[in-house]
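Chemist: The structure's right below; bear with me while I get my questions together.
The numbers here are math on the coordinates, done by the rules we state, and not lab data. Computed from a predicted structure; not experimentally measured. Every residue, glycine among them, receives a Cβ derived from its backbone with ideal geometry; neighbour counts consider all protein chains shown.
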Amino acid sequence: MNALPQFPRPANEPEFNYQADPQGRAELERHLRSTEVVEIPAVIGGQKIFSGDIEEVRAPHDTSRLLARIHRPNEQQVRGAIKNSLAAAREWAALPFDKRATVFLRAAEIVAEVRRHEITAATMLGQSKTLDQAEPDAAGELIDFMRFNVYEAQKVHANQPLTVPGAMNRTDWRPLEGFVYSVSPFNFTAIGANLSCAPALMGNVCLWKPSQKSALANYRFFEILEQAGLPPGVINFVPADPAMATRAVLESPDFAGLHFTGSSQIFRSLWRSIGENVDRYRSLPRIVGETGGKDFVLAHPSADAAAVTTALIRGAFEYQGQKCSAASRAYIPRSLWPAVKSGLQQQLPDLRVGDVAQRETFMGAVIDGASHGRLAARIQKAREDSQASIVSGGRTWTEPGWFVEPTVIEVSDPRHALMRDELFGPVLTVFVYEDNAWADTLGLVDGTSDYALTGSIFCVDRQALLQAETALVNAAGNLYINTKPTGAVVGQQPFGGARASGTNDKAGSWMNLLRWTSPRVIKESYLAQGPWQFTGA
Ligand code: NAD
């Protein structure tokens, strides 16, 4: 009962090698071919609620394929979920840390060893990810979040104040008083898992509102949490209409924290509503949000053109550019541009766009019709713009799904809207600068967009690199040197950005976990104190 187990620093989960494992490959294929239409309920206090208010989930790359039907809970049910979470809160918080941790470590193990292919296939189909993109997300990163959070939370708990002779001091790492609202984006299965599990690991109860667009993989993970022994009510799965759920949640006096990942615009609207409701709350809520990006690749004349080209292709077009960290604006010196441009023009037509289940496919579809429409309109506008020219790609099509070709646009104005706004699709904008304008270009990189999430500098010249690192100190929360700006690994590159990109609380690290605890410091004296009179010299 009173053992204090130690959790060692985990290693990152290795990528599953499907080439070398025909059995794993066959199981993945079986899930990819399955014709089951999954009924996704809300799960509140362990009860599955099939409301009959249906929202369909279709494969973005084959919209004729119905994958799941979300049963959206109504407002009364969302309020019921809040009540239910609060009823579970005390017992969950009282459970010793190692017992809570074990639930998430078990979940990691179930993903790794038992349901890996199923959750990877759900991510491929529901979010239109190729295997190369889905495996490191739905398996690799998700498992890492579960294991590293436990290790990092242990470090938080070990942080204790000085104890002196005659008295003991200790910090009690309490959860927040109330419940946490976890709102997740469509683009990473792992992020949904982390947004709900990180606060829960610290002893909180959560309402998890997944994105409708990733609900299939998110529900699979929720089932895994139940299988791992998560007590009912600790995380309630609430795939509700976002605006309605948010209204109900933010009106509750017990709302204690928001754990959000998604667009800056939605995050700001949530922040505003929290501000408007602030007088209702028992505690001042914690607000954590990781949001959009307009991530840069900056090449110095000393950079290697081939390395820059590869970084642009992988950084901008993997997962159709739908990573918050995706390269979407590039600054290339005049001397390097001919090589980089011809590299892009030669290689991009080889990137196959289509069905994610086929091994040769590099890019699937963008997530839905709304995103497709927005991207097609921006590309069309660029065609008609005298300050923009399409260097490669530009085609879009809607059969059998929402496809956009990898597209590169060159602009003559470095402050063009295409260099400023997040498009969240496979569109990369390039500005070519004069080789002797390095210092001015650093100012442009820093000052053109409101975002500050990721960025890459390609540079061999150490002085120029130092100058760039200094000038761009606030331009990215995750800076990459001589490598692409995507692919952060839990435990290696804790992730998050500032400015319009969020609160920079670094998912998967102790920095994030600290936001889900409200420490109580206790001093306990061993002896009663003497008379009140001062007895010193
Ligand atoms: P989104 O903002 O459209 O949706 C995010 C979540 O908010 C979803 O669950 C959605 O249902 C919910 N939502 C939508 N409208 C709402 C409302 N009115 N009230 C409350 N909730 C609402 O984002 P998305 O399209 O799912 O994801 C893409 C965005 O996420 C991009 O901007 C991307 O850069 C960002 N992102 C950031 C990070 C990061 O770590 N910084 C990681 C992944 C994605």
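Chemist: Of all residues in segment 387-417, how many are in contact with a helix residue (DSSP H, G or I) (Cβ under 7 Å, 6 or more places away or on another chain) and either more than 21 Å from PRO338 (Cα to Cα) or in a loop (DSSP other than H, G, I, E, B) (or both)?
Modeler: Within segment 387-417, residues that are in contact with a helix residue (DSSP H, G or I) (Cβ under 7 Å, 6 or more places away or on another chain) and either more than 21 Å from PRO338 (Cα to Cα) or in a loop (DSSP other than H, G, I, E, B) (or both) number 8.
Chemist: Mind counting the residues in segment 283-312 that are under 20 Å from ASN187 (Cα atoms) and touching a Pro at 6+ places or on another chain (Cβ under 8 Å)?
Modeler: Adding up the residues that qualify gives 2.
Chemist: Still on this structure: Restricting segment 349-386 to residues that are assigned to a loop (DSSP other than H, G, I, E, B) and within 16 Å of the ligand (Cβ to nearest atom), which is surrounded by the most Cβ atoms within 10 Å (Cβ to Cβ)?
Modeler: Within segment 349-386, the match that is surrounded by the most Cβ atoms within 10 Å (Cβ to Cβ) is GLY364.
Chemist: Quickly run through segment 336-348 and pick out the residues that are exposed (fewer than 13 other Cβ atoms within 10 Å of the Cβ) and over 19 Å from VAL427 (Cα atoms).
Modeler: Of everything in segment 336-348, just one residue is exposed (fewer than 13 other Cβ atoms within 10 Å of the Cβ) and over 19 Å from VAL427 (Cα atoms), namely PRO338.
Chemist: Can I ask one more? Quickly run through segment 471-505 and pick out the residues that are assigned to a loop (DSSP other than H, G, I, E, B) and of a type in the set (A, V, I, L, M).
Modeler: LEU472, VAL473, ALA475, ALA476, ALA488, VAL489, VAL490, ALA500
Chemist: For segment 152-202, give me each residue that is assigned to a loop (DSSP other than H, G, I, E, B) and more than 22 Å from the chain's Cα centre (by Cα).
Modeler: Residues satisfying the conditions are ASN159, GLN160, PRO161, LEU162, THR163, PRO165, GLY166, LEU176, GLU177, GLY178.
Chemist: Against the condition in contact (Cβ under 8 Å) with a residue 60 or more places away in the chain, closer than 25 Å to VAL38 by Cα and among the aliphatic types (A, V, I, L, M), how does ALA122 come out, does it pass?
Modeler: In short, yes.
Chemist: So, ARG334, is that one in contact with a Phe, Trp or Tyr (Cβ under 9 Å, 6 or more places away or on another chain) and over 29 Å from GLY477 (Cβ atoms) or not?
Modeler: yes
Chemist: Given the criteria out of contact with any helix residue (DSSP H, G or I) (no Cβ under 6 Å at 6 or more places or on another chain) and small (Gly, Ala, Ser), does GLY343 qualify?
Modeler: no
Chemist: As an exercise: evaluate THR291 against (1) surrounded by fewer than 20 Cβ atoms within 10 Å (Cβ to Cβ); (2) among the polar types (S, T, N, Q); (3) near the ligand (Cβ under 10 Å from one of its atoms) and give the number of the one condition it does not meet.
Modeler: (1)
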